[in-house]
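Reading through the structure tokens given below for one structure.
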Amino acid sequence: MRYLRCIGLLAVVFLTVFVMSAAASSAGTTINFSSLDKNQPFKVSGTLYLPEKSSSPCPAVVIVHGTGGIDSRGAFYRDSILNAGIAIFEVDFKTGIYTGPMDRPQNETFLPLAFAALKELRKLPSIDPTRIGIMGFSMGGGITLRTAVEANRKLWMGDEKGFAAHAAFYPVCKPFIKRLEESGSGLTGAPMIIFYGTEDAYGEGKAVPELKRLLAKKFNFEVTTVEYPGATHGFNRNAPPLTYSDPAAKDGKGYMAWDADAAND
């Protein structure tokens, strides 16, 4: 039952916006691009995966990794997304920018990169420029949330529209809540969904419901949230459990562990 419910929730955010019938493609194409921030002109890259069988142009989703860089999480969802007829642009925002949690820049540093990825996809004749979403894990989830803020969209996109949908996995909501409370800017209005575990080392068990209440009260915006009791940070990272230092985590100690039930759900 939970599986069917969450498939329905994902449909609200992505598939009802993007759905097509297609078969997945395993071949990827590297695309190099630069930040929109002229003061920090980082040069980065992403890998574009296109559905094998879909009418062109097709919708797409930008996938943004966590602090550790590209790992098993993006690959975990790849076939499902491609089979839905949605192209994937999995970006690398780590190489050449930072090495780990201790020298990781603020999430705002990556916004001109995320919006640059959106602009790159809109150049491609194979991609529908009006149907491009963003999805991220941890740090990438935080970037995903911030691209939904109207002031951020306007700063880096001007008169162009932003992302069509936002899907964030355990996006470390606490600092985002503080910025929203201090901000006078609203959201773009694009649909948003957040997945999190109650035992998250970054406090998502309390922070995500708090964010949901804040968005409803301050912006009259209804974010869809999916809670997994007992799941930790990185519950969809199919790898051995990992304990590590991260100043953003509670007591500076991060922890990630695979949760098959939550991940497969």
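In terms of modelled amide H atoms, which long-range or inter-chain residues lie less than 5 Å from the amide H of LEU187?
Counting only residues 5 or more places away or on other chains, the set is GLU150.
Would you please put 160-168, 179-187, 137-145 in order of how densely packed they are, using the mean number of other Cβ atoms within 10 angstrom per residue and starting with the highest?
137-145, 160-168, 179-187
Rounded if a/c is under 1.5, else prolate if a/b is larger than b/c, else oblate: which is the range 37-135, with a ≥ b ≥ c the root eigenvalues of its Cα gyration tensor?
Oblate, because a/c is 1.5 or more while a/b does not exceed b/c.
Report the full-extension gain for the segment ASN238 to SER185: residue separation times 0.36 nm, less the Cα-Cα distance, to one decimal in nm.
Full-extension gain reported as 15.4 nm.
Taking LYS53 as the anchor, which lysines have their alpha carbon closer than 27 Å to its alpha carbon, excluding any fewer than eight residues away along the same chain?
The qualifying lysines are LYS119, LYS123.
Nothing charged except the Cβ atoms of Lys and Arg (+1) and of Asp and Glu (-1): what's the magnitude of the dipole of the range 2-264 about its Cα centre? Round to the nearest 20 debye.
Here the size comes out at about 400 debye.
Within 10 Å, count the other beta carbons around each residue, average over each peptide in 47-60, 217-230, and list them highest first.
Final packing ranking: 47-60, 217-230.
What number, rounded to the nearest 500 deg cm²/dmol, is the helix-based mean residue ellipticity at 222 nm of the chain, given -39500 (n - 2.57) per DSSP H run of at least four residues and division by all its residues?
Helix contribution divided over all residues of the chain: -9000 deg cm²/dmol.
Given the range 87-145, report the % of alpha carbon pairs whose separation exceeds 14 Å.
Beyond 14 Å sits 57 percent of the P(r) for the range 87-145.
Which percent, nearest 5, of DSSP beta bridges in the range 2-264 are antiparallel?
Beta bridges within the range 2-264, antiparallel portion: roughly 40 percent.
Taking every pair of alpha-carbon atoms in the chain, give the share separated by more than 24 Å as a whole percent.
For the chain, the fraction of Cα-Cα distances above 24 Å is 44 percent.
Of VAL44, THR95, ILE127, which is farthest towards the positive pole of the range 2-264's charge dipole, taken about the Cα centre with +1 and -1 on the beta-carbons of Lys, Arg and Asp, Glu respectively?
ILE127
Give the lysines whose C-alpha is closer than 28 Å to that of LYS178, dropping any in the same chain fewer than 8 places away, or say none.
LYS38, LYS94, LYS154, LYS161, LYS206, LYS212, LYS217, LYS218, LYS250, LYS253
Since every read-out is calculated from the coordinates, none of them should be taken as a lab result. All values reported here derive from a predicted model rather than from experimental measurement. Methodologically, a virtual Cβ is constructed for each residue, glycine included, from the backbone with ideal geometry; neighbour enumeration extends over all protein chains shown.
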